[in-house]
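The values are calculated or read from the model by the stated rules, or taken from the named source; none is laboratory data. Not measured: the values here are computed from a predicted model. Neighbour counts are summed over all protein chains in view; Cβ atoms, including those assigned to glycine, are modelled from backbone coordinates with ideal geometry. These accessible areas exclude ligands, DNA and RNA; they are computed on the full protein's heavy atoms, side chains included. Shrake-Rupley method; radii C 1.70, N 1.55, O 1.52, S 1.80 Å.
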Amino acid sequence: MELDFSPIFESWRFLANGLLVTVQLAILCCIASLALGILGGIGRVYGGRVLKGTITFYVDTMRSIPVLVVIVWIYFALPLVSGYNLPPFWSAFLAITIHVAAYVIEITRAGIESIRPGQVRAAQALGMSHRQILREVVLPQALIRVLPSIGSIVSVTIKDTAIASVIAVPEYMKQSETLAAQSFHPIEVFTFAMFVYFCILFPTTRLIDRLYRRLAHLGQS
Amino acid sequence: MSSQVGQQIRGAGKKPILSYHNVMKRFGNFTALNGVSLDIYSGEVVCFIGPSGSGKSTMLRGTNALDPFDEGQVFLDGSPLPTSENEARHLRRRMGMVFQNFELFPHRTALENVMIGPVTVLGTSKDQAAKAALKLLDKVGLADKTQNYPANLSGGQQQRVAIARALAMEPELLLFDEPTSALDPETIGEVLNVMKTLADEGRTMIVVTHEMNFAKRVADWVVVFERGQVVEQGPPEQIFDDPHTERTRNFLSHLGWHG
Amino acid sequence: MKLEWSVVWQYRWLLAEGVLVTIGLTIVTMAIAVPGGIILALMRLSKNRFLSGFSLCFVELFRNIPLILVVYWAFYVMPIFVGIELSAFATGITALALNVSAYNAETFRAGINSIRQGQVQAGLALGMSRFQVLREIVLPQAFRRIMPILASTWVSLFKDTSLVSVIAVGDLAHNALMVRSQTFRVLEMLTAMALIYWALGYPQAKLADWIRKKFEVKE
Ligand SMILES: Nc1ncnc2c1ncn2[C@@H]1O[C@H](COP(=O)(O)OP(=O)(O)OP(=O)(O)O)[C@@H](O)[C@H]1O
Ligand SMILES: [Mg+2]
């Protein structure tokens, strides 16, 4: 069997554009879902009954619906309800964010609940307000403790961006599909795509692991 | 040397059950045991004492081949310690071991912990093993805790279960590695009492311990380790009341021992 | 806008068939990926350099590639490399099993490693063989740590089966998307699809939570 990687080199610009979209989408989704998820996690722990119940329901709903389904629904069905067309990129952004945020909520909750009550009492004894205790004592420790889980969230988010190819977001997966079909070299194109994704994902997860090892002691009380 | 004098009296007319000849053990570049020679006779309680890191645990782990020695020879009842894993298993059946952290199996009740050895290793029937285990738990004073899981036992109780577990294999020799070091002061006594009972029954025991009072009261022979070597060995009266070497004196005074 | 929900009822059998395929994909994949994960974990923990190296590469590779790409790869590339044409269903299973085996391998390895070395020594000191120690002491204790993770892997897998729809395996997502494009009842079909996944997935997610609570390790 003859392998011919030349289509990849000839179309490198086409693929590079895809890679850029992948990176942009992943970064935006990570930031948004972390922000949304941490807020949601705080609400999940400290909120009133209604808020807690609503957030729990939202989390469990997202845990039970595939991200592909959310992406497709937001892109094709949401405009029919809202009357407003979102372009593919922003549809994917919205879908992946609300999906991943649910996991961030769970992680944040677990992190907050893992902080010993003694820590809060110690902060209360110093006369801190609720808000100060949360900001100065509980959240910093909780977030450091859950860093490894955040790492896998980042990895999941990057992988989820590849699913955006089903609504033709021109990210790396979609570009690879297109190139594979046009060049009649699916073997080389898809194998190379594996290589590319591995080169993004592996160092990212390693980096977060290493960061955690540096910081772990700050979260151990 | 005085220790040899002691040994002549001690060993008169008997063959040692365990005999170490110039035993060595290395971890990488670090020499944990550096030429240890030692005899242990049947029915004796031998205490290993010495500073932390001096190689006492390494001696025990080598003795039942959990972590075999690198050099030197050890004879058990006159035959050399086996080297293959398969033979080592036979060897371990003949020695019971009690660990500092108990190492009870948390997914088994006290009774099941005592039964697991005979059932899995010796193929004893469960009924028979349970009967024997009940007797042993009674013997260590835990007849009322047989159905407890380790998590629901105090440290002292856990360690007594661990002793019963070791006894269940009917070993010829018992190895204790600092059995009371992880215990609260108030529960140390109950474990030492059980060990004293076993000693009075005439069992052969090697006990690594920092409990000098126990060593003095119960041991027939005391061996002082330092940096992988035996500094001094002798009957407890010698070691504790009239140590022959400076290093033993140093070690004991370091512990605040004044005879 | 006029909604015609009757279209969902009209295609109920096709959707039901999709549901069965989705459930079948989940079960068959797990049935392969649990033993697969155990084998990979044991390879990884073995002293043999080649075996542990192979396992490490396999696990890191498949954990660091989007599943949808593995699906495409299994569909386009594998038949040529391996030389056999598999059905779409079998191809989907292959891709899912490669992915989930890698995750399970990590689950089993972490579970086994979480057991203190002293526990192994205590078993050996009683005269047990290494295999007996693994069976009687290590695995039963590791089980409590492994079960909750396997349960959440199951929930993820159930959802991830939707990705094999891109190679026309007749699962729920594929069938629903097909009806959508034939009937143009976009909102109805997509909402129905989401609701069916939700109805099936929600109890599974709750079950996974229950398992996690039940097996929570207290030290
Ligand atoms: N598996 C190992 N790898 C490397 N070094 C080891 C290992 N086991 C023991 N050592 C080293 O060998 C030396 C002797 O250890 P050992 O556990 O026998 O000491 P010990 O006399 O039992 O001390 P302690 O009273 O603290 O238990 C120590 O310096 C220890 O660091
Ligand atoms: Mg020791």
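For chain B, go through all pairs of different Cα atoms, get the mean of 1/r, take its inverse, and jot down that Kirkwood value in Å.
The Cα-based Kirkwood calculation yields 18.9 Å.
Suppose a student asked you for the relative contact order of segment B:217-259, using Cα pairs under 8 Å spaced at least 6 residues apart; what percent would you report?
About 28 percent, as a whole number.
May I ask you to order C:112-121, B:102-111 by the average number of other C-beta atoms within 10 Å around their residues, highest value first?
Ranked by mean Cβ neighbours within 10 Å, highest first: B:102-111, C:112-121.
Under the Kirkwood approximation applied to all pairs of distinct alpha-carbon atoms, what is the hydrodynamic radius of segment C:107-158 in Å?
Taking the inverse mean of 1/r over all distinct Cα pairs, segment C:107-158 comes out at 11.7 Å.
Mind pulling the angle between the C-alpha long axis of helix A:172-183 and the longest principal axis of chain A? Nearest 10 degrees, somewhere in 0 to 90.
The angle comes out near 10 degrees.
State the dimensionless ratio Rg/Rh of segment B:2-106 (Rg: radius of gyration of Cα atoms; Rh: Kirkwood radius). Mind showing how you got there, number by number?
Details: Rg = 14.5 Å, Rh = 15.0 Å.
Result for segment B:2-106 is an Rg/Rh of 0.97.
Would you mind giving the mean number of other chain beta-carbons within 10 Å of the Cβ of each residue in A:164-174, as a whole number?
2
If you roll a 1.4 Å probe over the heavy atoms of the protein chains, what accessible area per residue do you get for segment C:6-215, in Å²?
Accessible area per residue, segment C:6-215: 43 Å².
Counting only protein heavy atoms, probe 1.4 Å: which residues of segment C:143-161 lose 30 Å² or more of accessible surface in the full assembly compared with their chain by itself?
C:LYS159
Within segment B:83-113, list the residues whose amide N lies under 20 Å from a label point set 7 Å along Cα→Cβ of B:GLN147.
Taking a point 7 Å out along Cα→Cβ of B:GLN147, the residues of segment B:83-113 whose backbone N falls under 20 Å are B:105-113.
How well do other chains shield peptide C:189-201, expressed as the mean number of their Cβ atoms within 10 Å of each residue Cβ?
Per residue, the number of nearby Cβ atoms from other chains is 5 on average.
Calculate how large, on average over all directions, the projected area of the Cα convex hull of the protein assembly as shown is; give the answer in nm² to one decimal.
Projected over every direction and averaged, the Cα hull of the protein assembly as shown covers 39.7 nm².
Semi-axes of the equivalent ellipsoid for segment C:6-215, please: Cα gyration tensor eigenvalues, times 5, square-rooted, ordered largest first, whole Å.
Rounded to whole Å, the semi-axes are 39, 21, 11.
Where does each of B:LEU255, B:LEU81 land when they are ordered by accessible area, with a 1.4 Å probe and the largest first?
B:LEU255, B:LEU81
Largest first, what is the accessible-area ranking of A:LEU218, C:LEU150, A:LEU94, C:LEU172 with a 1.4 Å probe?
Putting A:LEU218, C:LEU150, A:LEU94, C:LEU172 in descending order of accessible area: A:LEU218, A:LEU94, C:LEU150, C:LEU172.
If you build the Cα gyration tensor of segment A:1-69 and take the root of 5 times each eigenvalue, what three semi-axes come out, in whole angstrom, biggest first?
Rounded to whole Å, the semi-axes are 42, 15, 7.
Per residue of A:54-65, count partner chain C-beta atoms within 10 Å of its C-beta, then hand back the mean as an integer.
5
With a 1.4 Å probe, what is the total accessible area buried between chains C and A, in Å² rounded to the nearest 100?
3500 Å²
Sorted by average packing, counted as other Cβ atoms within 10 angstrom per residue and highest first, what order do A:192-199, B:154-161 take?
Ranked from most to least packed, the peptides come out as B:154-161, A:192-199.
Per-residue HN-Hα couplings for segment B:124-134, Karplus 6.51 cos²θ - 1.76 cosθ + 1.60 at θ = phi - 60°, whole Hz, x for Gly and Pro?
So the Karplus estimates, Gly and Pro as x, are 5, 5, 4, 4, 5, 5, 5, 4, 4, 5, 4 Hz.
Would you compute, from DSSP H runs of 4+ residues alone, the mean residue ellipticity of chain A at 222 nm, taking -39500 (n - 2.57) per run and dividing by the full residue count, rounded to the nearest 500?
Helices in chain A give a 222 nm mean residue ellipticity of -24500 deg cm²/dmol.
If the limit is 26 Å between Cα atoms, which of B:LYS14/B:LYS139; A:LYS52/C:LYS214; C:LYS47/C:LYS214; B:LYS14/B:LYS135 go over it?
B:LYS14/B:LYS139; C:LYS47/C:LYS214; B:LYS14/B:LYS135
What does the convex hull of the Cα atoms come to per residue for chain A, in Å³?
So the per-residue Cα hull volume is 144 Å³.
What is the local net charge at A:GLN175, summed over the other residues whose Cβ is closer than 15 Å to its Cβ (Lys, Arg +1; Asp, Glu -1)? Walk me through the numbers on the way to the answer.
Working: positive: A:ARG13, A:LYS174; negative: A:GLU10, A:GLU171, A:GLU177, A:GLU188.
Counting the neighbours of A:GLN175, the net charge comes to -2.
Could you give the dipole magnitude of segment C:1-81 about its Cα centre, charging the beta-carbon of Lys and Arg +1 and that of Asp and Glu -1, in debye to the nearest 20?
Details: 6 positive and 3 negative charges, 65 e Å.
Around 320 debye, computed over segment C:1-81.
Round to the nearest 10 and give me the degree value, 0 to 90, for the angle of helix A:49-64's Cα axis relative to the longest principal axis of chain A.
Tilt relative to chain A: about 30 degrees.
Around A:SER64, what is the net charge, scoring Lys/Arg as +1 and Asp/Glu as -1 over all other residues with Cβ under 11 Å from its Cβ? Provide the component values of the computation, followed by the final result.
Numbers: positive: A:ARG63, C:LYS159, C:LYS206; negative: A:ASP60.
In short, +2.
How much of the accessible area of segment A:11-219, in percent, comes from carbon and sulfur atoms when a 1.4 Å probe is used?
It is 67 percent, rounded to a whole number.
Explain nothing, just the number: relative contact order of chain C, from Cα pairs under 8 Å at least 6 residues apart, as a whole percent.
Over chain C, the number comes to 31 percent.
Which length gain, in nm to one decimal place, applies between A:ALA110 and A:TYR46 when the Cα-Cα distance is subtracted from 0.36 nm times their residue separation?
Contour length minus the Cα-Cα distance gives 21.8 nm.
For B:THR204, what residues show an amide H to amide H distance below 5 Å, using hydrogens built from the backbone and excluding near sequence neighbours?
B:GLY43, B:LEU174
Skip the ligands, DNA and RNA, and give the accessible area per residue of segment A:11-219 with a 1.4 Å probe, whole Å². Don't skip to the end; give the middle numbers.
Values: 9760 Å² over 209 residues.
Heavy-atom accessible area per residue stands at 47 Å².
I'd like the distance between the alpha-carbon centres of segment C:162-208 and segment B:29-92, rounded to an integer number of Å.
Centre-to-centre (Cα) distance: 66 Å.
On alpha carbon coordinates alone, what is the Rg over Rh value for segment B:158-259, Rh being the Kirkwood radius?
0.98
Can you give me the C-alpha center-to-center distance between segment A:144-207 and segment B:110-147, rounded to a whole angstrom?
So the two Cα centres are separated by 56 Å.
Give me the percent relative contact order of segment A:11-219, please, defined on Cα pairs under 8 angstrom at least 6 residues apart. Don't skip to the answer; put the middle values down first.
On the way: 223 pairs, mean separation 59.3, N = 209.
Computed value for segment A:11-219: 28 percent relative contact order.
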